[in-house]
Amino acid sequence: MRISRVYLRILISFLLVLVVSELAIYGLLRMSWDKSPRVHHMERQLLTVKNLAELQLGGIHTSPESENVLLAPLLETLGKSLDSDIWITGPYGELVASSTNIIPNMSAFTTGDAARSVDGSYVYKKSNDGMKSVYGVYTGKLPAGYPFTYHIYHSFRKFDEETWFLQAQLILTAIAAIFLIPVSRRVIRPLKELTSSAAKMGQGDLKQRVEINGKDEVAELGQAFNNMAAGLEKLVKSSRELTANVSHELRSPLARMRISLEMLKERIEDGHTSGCDAFIDGMQSEITHMDELIGRIIEFSKLDMKKPPQMNETADLKGLISDLLSQYQCIAERNNLNVTADLSDHVLRNCNINGIRVVLDNILSNAFKYTAPEGSVEIKLNGNQNGVQIALTNTHAPLPEEYLEEIFNPFHRLKGQEIPGSGLGLAAAKKIIRIHGGQIKAQNSAEGFRIVVSIPEKES
């Protein structure tokens with residue numbers, strides 16, 4: 001089984017935590033020696049020896065010989081039981097009784113710091129030659145007038161406690177290493193799925209998605225990946241549709257130009273030059289149409305740029321709409337259209353004037369273009385502190401519901417319409433309105449076909 005790097009990182013991090021915790025515990029024990037279990041254990045042993053000795057003597061001082069006879073067997077028994085050297089001295093340091101024949105020299109212990117208990121016990125420690133030693137001293141109040149001092153000396157291997165602690169750490173590490181396997185696999189599995197899906201996306205499969213489980217950071221990463229994949233798929237799909245539509249739009253004038261060119265060539269070869277000007281004018285018209293179409297495509301493509309236009313201008317919407325309506329006055333008079341405008345005074349701040357003008361021009365152009373003679377065009381402008389709403393209605397037959405969304409797609413043209421156009425006006429208007437944080441939608445109404453534009457007022 002191949003060990004993953006994530007698993008190794010988790011395990012190494014766990015080991016580092018164990019090492020740091022061991023060092024912290026070791027330092028804590030060294031700094032709090034007077035509160036350690038070893039000191040409390042020595043205090044209890046001293047009090048035990050003291051209580052048994054006083055019970056053996058009855059708390060009365062007799063003579064050194066008799067006291068030694070009574071206490072020596074007791075100290076020998078306690079010494080073997082506690083694995084320690086135990087002895088008792090008098091008030092002048094004279095030896096009263098001992099569990100061993102040789103009394104250890106404690107001068108090296110008493111020069112260091114001692115842990116003192118509330119009962120009056122003193123406990124010293126010393127480490128050397130791979131051993132640890134603990135020396136406890138307690139002075140009682142009995143026998144009366146001749147109080148005894150009790151001594152306990154215990155020596156043990158220096159690394160007994162450290163070895164036990166290390167073994168516990170090793171066991172804990174082994175258990176953690178085993179239980180970390182399913183944990184790491186749970187973490188790694190979605191990451192592997194993400195890697196596999198990303199590789200497939202790199203090969204062109206943009207429909208890749210990952211399954212989202214839970215609400216942790218890995219799930220957030222998976223959700224971000226799915227959102228990115230959906231955005232890329234939509235972007236690539238739009239790009240492909242744009243390319244296909246551009247090809248379709250350019251192919252038609254090129255085909256007409258080719259036919260005109262062939263007919264012109266035939267007339268020249270036959271010596272019939274009459275009517276050639278019409279073919280040349282037609283080709284020039286097609287070239288002009290293609291040039292305008294390419295210009296609109298370039299302008300539309302610029303709207304996809306990541307850098308948004310400057311949004312620090314102020315637009316007089318009533319003035320803009322009035323100026324544009326005056327430009328379409330000739331079309332209205334020629335088709336005998338009834339144009340009404342209900343415009344409130346409103347200034348839109350923090351916007352891009354050119355973008356707003358393009359939106360208004362595109363929707364007005366469509367309204368006048370697709371309104372039959374004797375029809376009507378109505379535009380309303382309502383504004384407040386939260387934003388502005390523009391409603392443009394023209395007399396046109398209701399559109400199917402699915403068309404109300406599709407008309408905002410690039411190069412979408414209404415079926416059965418012979419009116420020339422590029423199909424980019426409403427698509428560009430939608431992108432510009434989105435840049436301004438607003439919405440544009442189409443709807444059928446009792447008065448006719450309606451375009452509604454809503455733009456919020458942004459704070460400066």
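Condition check ((1) under 19 Å from A429 (Cα atoms); (2) touching a strand residue (DSSP E or B) at 6+ places or on another chain (Cβ under 9 Å); (3) modelled with pLDDT of 85 or more; (4) in a helix (DSSP H, G or I)) across all residues:
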position: I321; (1), (2), (3), (4): yes, yes, yes, yes
position: C330; (1), (2), (3), (4): no, no, no, yes
position: I363; (1), (2), (3), (4): yes, yes, yes, yes
position: I379; (1), (2), (3), (4): yes, yes, yes, no
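Answer yes or no: is there a residue in region 287-305 that is surrounded by 11 or more Cβ atoms within 10 Å (Cβ to Cβ) and either at pLDDT 75 or above or touching a strand residue (DSSP E or B) at 6+ places or on another chain (Cβ under 9 Å) (or both). Checked region 287-305: at least one residue is surrounded by 11 or more Cβ atoms within 10 Å (Cβ to Cβ) and either at pLDDT 75 or above or touching a strand residue (DSSP E or B) at 6+ places or on another chain (Cβ under 9 Å) (or both). For region 117-129, the tally of residues that are free of Cβ contacts under 8 Å to residues at least 40 places away in the same chain, surrounded by 11 or more Cβ atoms within 10 Å (Cβ to Cβ) and part of a strand (DSSP E or B) stands at 3.
Of the residues making up region 65-116, those that are within 21 Å of E43 (Cβ to Cβ), in contact (Cβ under 8 Å) with a residue 40 or more places away in the chain, surrounded by fewer than 18 Cβ atoms within 10 Å (Cβ to Cβ) and not charged (D, E, K, R) are L82, P104, M106. Considering only residues in region 81-106 that are among the polar types (S, T, N, Q) and assigned to a loop (DSSP other than H, G, I, E, B), the one that is modelled with the lowest pLDDT turns out to be N105.
The values are calculated or read from the model by the stated rules, or taken from the named source; none is laboratory data. Here the structure is a predicted model, which is why all the values come from computation and not from measurement. When we count neighbours, we look across all protein chains shown, and the Cβ atoms used for this are built from the backbone with ideal geometry, even at glycine.
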